[in-house]
1. Could you pull out the pairs from K10/K30; K33/K154; K39/K87; K10/K154; K10/K89 whose alpha carbons sit more than 22 Å apart here?
2. Under 5 Å between amide H atoms, partner at least 5 residues away or on a different chain: which partners does F58 have, H built in plane at 1.01 Å?
3. Full-extension gain between V63 and V43, please, as 0.36 nm times their residue separation minus the C-alpha to C-alpha distance.
4. Counting other Cβ atoms within 10 Å, keep those with at most 12, restrict to DSSP loop, and tell me which GluC sites (Glu not before Pro) in the stretch 1-72 are left.
5. Mind giving me the nanometre distance, one decimal, between the label points for A109 and D70, set 7 Å out from Cα along Cα→Cβ?
6. To the nearest 0.05, what FRET efficiency results for K10 and A93 with a Förster distance of 41 Å applied to their C-beta separation?
7. So what are the ³J(HN,Hα) numbers for the stretch 51-65, from phi and the Karplus equation (6.51, -1.76, 1.60; θ = phi - 60°), rounded to whole Hz, Gly and Pro as x?
Amino acid sequence: MLFPVESGVKPGEATADLTVTSDAEEISAKVRKNFDVPKAPKVGEARPWFLSDHQVRFGESVVLAPSLDDEVTPDESISFIGYGCRKEKGGPAVYSGRLVPFSGGPEIALPIAWMSTGDSSGKPGRSAAESCGWLRGQVESPLPAGLWTFVAPKDLAKEHSPGTEIEFRVISTGPQPAILPAEVQSAAAPSR
């Protein structure tokens, strides 16, 4: 679920309380979540970044929604979205993020581009608010199961600065081997 937040939320620690009630008597649920509201990006920066594994309807629009658990399956549409502000003198149309497997092996380059929101050319003379918007990088082929780190484009962030890296897990959807108790394993083993 996505909920619009009115302006006036300042950077720093915040608490959100959500209560859902039903038409039936005595059925409700409450959730409290503490989180950090990041500082807005400066000109030429993008942060924070989010892992997105699904889309949701928000009014009359369909939007990318952040993953709530930082876990995805290979068959999901995986994207990384970040909010950024263009450089005063433009900048590249496409940036390059990286997907780094925790287990080692080759990194995967991830093209990241500005999402279309009408006239988003970022031409000089536009106000800072008009030259800010969303960036997106979509993973085009399935990732192997395991732990991964998304690293935001270095052109848009200082290395290892808060909100520029995301650790996530790709969960295998294939059949999992059964783990049997030791007694069953020894009884099932062929005798010699």
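1. Values: K10/K30 24 Å; K33/K154 31 Å; K39/K87 17 Å; K10/K154 26 Å; K10/K89 29 Å.
Distance filter (> 22 Å) returns K10/K30; K33/K154; K10/K154; K10/K89.
2. Correct list: V63.
3. On the way: separation 20, 0.36 × 20 = 7.20 nm, distance 2.45 nm.
Gain on stretching V63 to V43: 4.7 nm.
4. Numbers: sites: E6, E13, E25, E26, E45, E60, E71; in loops: E6, E25, E26, E45, E60.
Within the stretch 1-72, the qualifying GluC sites (Glu not before Pro) (loop, at most 12 other Cβ atoms within 10 Å) are E6, E25, E26, E60.
5. Going by the 7 Å Cα→Cβ label model, 2.7 nm.
6. Details: r = 33 Å, r/R0 = 0.80.
Efficiency, rounded to the nearest 0.05: 0.80.
7. 7, 10, 10, 7, 10, 9, 7, 10, x, 9, 10, 10, 10, 6, 10
None of the figures in this text is laboratory data; all of them are computed from the coordinates on show. In this text, all values refer to a predicted model and were calculated from it rather than measured experimentally. For neighbour counting, all protein chains shown are included, and Cβ atoms are generated from backbone atoms with ideal geometry for every residue, glycine included.
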